[in-house]
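Following: one structure in structure tokens, then a few remarks.
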Amino acid sequence: MKSKLILCALAGTALVALAAKDPVLMRINGKDVKLSEFEYLYKKNNQQQVQQETLDQYVDRFITYKLKVADAEAHKIDTLESFQKEFDGYKADLVKPFLTDGTVQERLVNEAYERMKYNVDVDHIMLPLGKDKAENNEILARLDSIRNCVLNGEDFYELAQKFSIDPSMRNNKGHYGFIPSGVFPYVWEYEAFNTPIGQMCKPFRTDFGNHLIRVNGRRDDPGKVEVEHILRLYPRGANDSAKAVVKEKIDSIYTALMNGADFEELAKVESQDPGSAKNGGKLPLFGINRMVKPFEEMAFKLNDGELSAPFETNYGWHIMKKLSHKGVPTLEEARKGIETMISRDERANAPREAKLKEAMAFYNYKENPKFAELIQSELTKHGQYDSAFVADVLKNSNFPICEYANGKTIPASEIAKKINPKAKMNNDAAKAYILSEVEPIAKNVIMKYYVDNLINDNVEYRNLINEYRDGMLLFEISNQRVWEGASKDTVGLRNYFEANRKNYNWEQPHFKGIILSAKNDSILQVVKADIPNYGVDTLTNTLHKKYARDIKMERMLFGPGENDVVDRIVFNKPVEKEETAYPVGFILQGGLINAPEDYTDVKGQVTSDYQDVIEKKWIEELRKKYPVQVFKKVLKMVKK
């Protein structure tokens, strides 16, 4: 009995210590408000306010806010399907930043940016992918043998020409030259940029093949250039004579440029590059390894504003004018492009995997070593892996494959849902196959558990979720009780206006009535002459049907300077630059009034004032209806 009491005492102490880290600051209608939530909103409020409130002022406003939320909960707004659907949508967005490790994302961004600052000179040999893991390992071993040959003195380029399947071999013989970051697959780039100068990396695999890279040197990235050019193409299969004709044409264009011809106008007429000719020969900014070598070399060699002499590439003859150059961008300039690039390759999952690893450690994930023993034993008894083994041993088994969150387990039956029961393999391979599914299944389960418990385990997320939830409830209950409620209460609005009529006056008379405008004076005079033929009750409908778009009738309530039509027709004030299809008009009904006649004449202002009255009464009701406790000792802990 004594040991049980001691255990309870220790547990109680732990709970008190845990509560002390985030104590209850208030209790409103029986619901606790933690110190962390109050401090989160108090800090946010102070950041948004031009003139900061005192703590006491904010406490009073915070209590009012929470009382309104309590009233919304009492009206069960939080249980409505429409509310839940909208709230689930917010939660799906709000949880995303908590599903990835921001430090990993930032590390990847910084890593990519640092590589943007320099280029590496590389050699490359590529062998094909194997049909399966075993065959691919054999190919990697063959590539390692080639690496050893180079280490023992054999020529890298000769071996590349003999063994490499890289399509670029036809042109570069295995030597890529200087390459920038962001061009090759991430794994390939990682090896190229992390291999020391003068050394070869270990053979590695990508989705395109198996690779061996040697790094020869490093230099600062030269940035990007902007040029415009004129191209005269070689005809397909051109002989020396045909090429000479192209050379003669480019020389004549160059002479015209030297004599003052406009480059861009000449490019539009003479250039045979269809992509750039229409833009005066201008190309988008480009860096190294984006153009054929002679073109790239000329672009980076010229000074800004300098014109090249004609030069040749495999395509024909060019004349280039360099417009500008741009160095490596700042991190903030490059960030968006880097993040997009990361999201499209294998790095995209790294921040989530890091967060998952963190969650698995937080929930004390452990594989059950006895599960491996069970599989070995059952496979031996059954004789072989087949669909019967999956059905009889795994499908209905509650044997725990792992443990997490201090006692929660995942049954072996979950593995039966993932594996292929018809796969052909021996017992050792089957055991490895089954065990390989434990961690992927655990990751999915634990990530779901992490999300489900995030509101309890992560203060930042809990405060954010509560802020959105309470904000939605506050809006809905305020709309019902105050905003929409007041605007629909026509009797209340009218009574409030009559009781407070003295508060609603105008400094100048306003026109209240209908103004009829016409497309021209001839139409206007015809309408005026026609009006006595119709009764007052049907006048506007009749005129509208008879004259259709030739006239426009508008019900107005404006003072001087508030509306161009009223200023021109009622107050005889000149209007500057009034653009209208109905330039002439007259007063069809109504006239000037010195003060509002009805609440509808000042509806916006009356509604706003009436809403304030309703809200004050509502708050008084809430403070009487729902009990509020503020724990003063905890309030003193608030960080100002």
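In region 354-393, the residue that is nearest to Ala405 (Cα to Cα) out of those that are of a type in the set (Ser, Thr, Tyr) and surrounded by 15 or more Cβ atoms within 10 Å (Cβ to Cβ) is Tyr363.
Only a single criterion out of (1) more than 29 Å from Thr409 (Cα to Cα); (2) touching a residue at least 60 places away in the same chain (Cβ under 8 Å); (3) hydrophobic (A, V, I, L, M, F, W, C) is not satisfied by Leu435, namely (1).
Scanning region 199-238 for residues that are outside the structural domain of Pro284 (by TED's automatic domain parsing), charged (D, E, K, R) and out of contact with any strand residue (DSSP E or B) (no Cβ under 6 Å at 6 or more places or on another chain) yields Lys202, Arg205, Asp207. Assessment of region 380-398 against the conditions (β-branched (Val, Ile, Thr) and closer than 29 Å to Lys357 by Cα) yields no matching residue. Of the listed requirements (1) exposed (fewer than 15 other Cβ atoms within 10 Å of the Cβ); (2) closer than 28 Å to Gly604 by Cβ, Asp567 misses just one: (1). For Gly260, indicate whether it is outside any loop (DSSP other than H, G, I, E, B) and surrounded by fewer than 17 Cβ atoms within 10 Å (Cβ to Cβ). Spelling it out, it is not the case that Gly260 is outside any loop (DSSP other than H, G, I, E, B) and surrounded by fewer than 17 Cβ atoms within 10 Å (Cβ to Cβ).
Does Val50 satisfy being of a type in the set (Val, Ile, Thr), at pLDDT below 95 and either farther than 16 Å from Phe631 by Cβ or in contact with a Cys (Cβ under 6 Å, 6 or more places away or on another chain) (or both)? So Val50 passes the test.
Can you spot a residue in region 184-197 that is out of contact with any strand residue (DSSP E or B) (no Cβ under 6 Å at 6 or more places or on another chain), closer than 26 Å to Met320 by Cα and in contact (Cβ under 8 Å) with a residue 60 or more places away in the chain? Within region 184-197, none of the residues are out of contact with any strand residue (DSSP E or B) (no Cβ under 6 Å at 6 or more places or on another chain), closer than 26 Å to Met320 by Cα and in contact (Cβ under 8 Å) with a residue 60 or more places away in the chain. The number of residues in region 526-579 being touching a Ser or Thr at 6+ places or on another chain (Cβ under 9 Å), within 19 Å of Lys512 (Cα to Cα) and either of a type in the set (Phe, Trp, Tyr) or assigned to a helix (DSSP H, G or I) (or both) comes to 3.
Let's see how each residue does on (1) in the same structural domain as Gln480 (by TED's automatic domain parsing); (2) under 47 Å from the mean Cα position of the chain (by Cα):
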| residue | (1), (2) |
| --- | --- |
| Gly590 | no, no |
| Tyr599 | no, yes |
| Lys617 | yes, yes |
| Val634 | yes, yes |
| Lys639 | yes, yes |
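Evaluate the following for Pro222: is it closer than 30 Å to Val187 by Cβ, touching a residue at least 12 places away in the same chain (Cβ under 8 Å), outside any strand (DSSP E or B) and of a type outside the set (Gly, Ala, Ser)? Judged against the criteria, Pro222 is a match. Each residue in region 259-297 was checked for being more than 18 Å from Asn119 (Cβ to Cβ) and over 38 Å from the mean Cα position of the chain (by Cα), and 15 pass. Among the candidates Ala486, Ala432, Ala416, the residue that is buried (at least 18 other Cβ atoms within 10 Å of the Cβ), closer than 30 Å to Glu358 by Cβ and over 36 Å from the mean Cα position of the chain (by Cα) is uniquely Ala416. Taken as a whole, the structure places Asp88 among residues that are part of a helix (DSSP H, G or I) and without any contact (Cβ under 8 Å) to a residue 40 or more places away in the chain. Every listed requirement among (1) surrounded by fewer than 15 Cβ atoms within 10 Å (Cβ to Cβ); (2) within 43 Å of the chain's Cα centre (by Cα); (3) modelled with pLDDT of 95 or more is met by Tyr404 save one, (1).
The values are calculated or read from the model by the stated rules, or taken from the named source; none is laboratory data. Keep in mind the model is a prediction, meaning the values are calculated, not measured. Neighbour counts run over all protein chains shown; Cβ positions are idealised from the backbone, glycine included.
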